[in-house]
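Student: First the structure, which I've put down as structure tokens, then a few questions once you've had a look.
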Amino acid sequence: MHVFLVHHGKAKSVEEDPDRPLSDEGREELARVGDFLRGLRLTVSLIVHSGKTRAEETAHILSNSVRSGASPTHMEGLSPTDDPTTTVNFLNVYTDDVLIVGHVPHLERLTSVLLTGHPDRRPVQFRNGGVVCLEKTYGSWSLVWAIVPDLLKKPAAVAA
């Protein structure tokens, strides 16, 4: 089983928009991340997000880059300060590959529990638009790969 943990794309500030949708820069970075994921030809059975606007938009953008039989859906327990135990329990019983879009510090605490058994060790640092792939084999989790938008090639500028 693989879980793809995604930190939502860069969002507008609260002053710009209290709902904090994705910024133009966030959308552009997610397009690059989407191109990367499309190249991997990933298939997931479930795409879930926290329900916050920026996470929902991120999930919908990335859903166009992976194969999935389901549309992105809201899942409780993925908000920034939620206890990661709820998601850990879900991942202990769910056996198909899943893409989860959320927030820090929740994603960092979740990853820490999965990899170390403790929520506060934080072996992985998340960045906006970044994706971390974890794999569960024989009941143990390991880090397979991670990517952040800054590592992905930006499209070449077009001359006018």
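Student: Hey, can you tell me all the residues within the range 99-153 that are basic (Lys, Arg) and in contact (Cβ under 8 Å) with a residue 60 or more places away in the chain? Walk me through it before giving the result.
Tutor: Looking only at the range 99-153, we keep the residues that are basic (Lys, Arg), and these are 109, 121-122, 127, 136, 153.
Scanning the range 99-153 gives 127, 136, 153.
Student: Moving on. From 88, 104, 113, 132, grab the single residue that is closer than 18 Å to residue 47 by Cβ and among the aliphatic types (A, V, I, L, M). First the steps, then the outcome.
Tutor: Numbers: 88 fails: closer than 18 Å to residue 47 by Cβ; 104 fails: closer than 18 Å to residue 47 by Cβ; 113 fails: closer than 18 Å to residue 47 by Cβ.
Exactly one residue qualifies, and that residue is 132.
Student: Among the numbered criteria (1) within 15 Å of the chain's Cα centre (by Cα); (2) within 25 Å of residue 20 (Cα to Cα); (3) assigned to a helix (DSSP H, G or I), which one does residue 150 miss?
Tutor: Just one mismatch for residue 150, condition (1).
Student: Please specify each residue of the range 86-110 satisfying the condition of being buried (at least 23 other Cβ atoms within 10 Å of the Cβ), closer than 15 Å to residue 141 by Cβ and of a type in the set (A, V, I, L, M).
Tutor: Those that are buried (at least 23 other Cβ atoms within 10 Å of the Cβ), closer than 15 Å to residue 141 by Cβ and of a type in the set (A, V, I, L, M): 100, 107, 110.
Student: I would also like to ask the following. Return a yes/no flag: does the range 108-128 have any residue that is hydroxyl-bearing (Ser, Thr, Tyr), assigned to a loop (DSSP other than H, G, I, E, B) and closer than 26 Å to residue 38 by Cβ. Show your work before the answer.
Tutor: Quick first cut of the range 108-128, residues hydroxyl-bearing (Ser, Thr, Tyr) only: 111-112, 116.
Retained after the next criterion (residues that are assigned to a loop (DSSP other than H, G, I, E, B)): none.
Looking for residues that are hydroxyl-bearing (Ser, Thr, Tyr), assigned to a loop (DSSP other than H, G, I, E, B) and closer than 26 Å to residue 38 by Cβ, one finds none in the range 108-128, hence no.
Student: Being outside any helix (DSSP H, G or I) and small (Gly, Ala, Ser) is the filter; apply it to the range 50-78 and report the residue that is nearest to the chain's Cα centre (by Cα).
Tutor: Of the range 50-78, the ones outside any helix (DSSP H, G or I) are 50-52, 64-78.
After this cut, where a residue has to be small (Gly, Ala, Ser) as well, the list is 50-51, 65, 68-71, 77.
Numbers: 50: 10, 51: 13, 65: 13, 68: 15, 69: 18, 70: 16, 71: 15, 77: 14 Å.
Of everything passing the filter in the range 50-78, 50 is nearest to the chain's Cα centre (by Cα).
Student: Against the conditions (1) out of contact with any helix residue (DSSP H, G or I) (no Cβ under 7 Å at 6 or more places or on another chain); (2) closer than 26 Å to residue 57 by Cβ, where does residue 135 fall short? Just the number, please.
Tutor: The one condition residue 135 does not meet is (2).
Student: Within the bounds of the range 43-50, is there any residue that is of a type in the set (Gly, Ala, Ser) and in contact with a strand residue (DSSP E or B) (Cβ under 8 Å, 6 or more places away or on another chain)? So that I can check it myself, show each step before the final result.
Tutor: Within the range 43-50, the subset of a type in the set (Gly, Ala, Ser) is 45, 50.
Pick out the ones that are also in contact with a strand residue (DSSP E or B) (Cβ under 8 Å, 6 or more places away or on another chain) and you get 45, 50.
Yes.
Student: Can you report the number of residues in the range 82-99 which are over 18 Å from residue 51 (Cα atoms), under 15 Å from the mean Cα position of the chain (by Cα) and not aliphatic (A, V, I, L, M)?
Tutor: Residues flagged as over 18 Å from residue 51 (Cα atoms), under 15 Å from the mean Cα position of the chain (by Cα) and not aliphatic (A, V, I, L, M) within the range 82-99 amount to 1.
Student: Additional query: Is there a residue being within 14 Å of the chain's Cα centre (by Cα), outside any helix (DSSP H, G or I), surrounded by fewer than 19 Cβ atoms within 10 Å (Cβ to Cβ) and not acidic (Asp, Glu) anywhere in the range 20-33?
Tutor: No, that holds for no residue.
Student: Return the residue satisfying two criteria in turn: it lies in the range 120-160 and is in contact with a Ser or Thr (Cβ under 7 Å, 6 or more places away or on another chain) and surrounded by fewer than 19 Cβ atoms within 10 Å (Cβ to Cβ), and of such residues it is modelled with the highest pLDDT.
Tutor: 135
Student: Now a separate question. Within the range 67-98, can you find the residues that are of a type in the set (A, V, I, L, M), within 20 Å of residue 116 (Cα to Cα) and free of Cβ contacts under 8 Å to residues at least 60 places away in the same chain? Before the answer, list the steps.
Tutor: First, the residues of the range 67-98 that are of a type in the set (A, V, I, L, M): 70, 75, 78, 88, 91, 93, 98.
Now drop any that are not within 20 Å of residue 116 (Cα to Cα), which leaves 78, 88, 91, 93.
If the condition is that a residue be of a type in the set (A, V, I, L, M), within 20 Å of residue 116 (Cα to Cα) and free of Cβ contacts under 8 Å to residues at least 60 places away in the same chain, then 78, 88, 93 are the ones that fit.
The values are calculated or read from the model by the stated rules, or taken from the named source; none is laboratory data. No experiment lies behind these values; they were computed from the predicted model shown. Cβ: placed from backbone, ideal geometry, glycine included. Neighbour counts: every protein chain shown.
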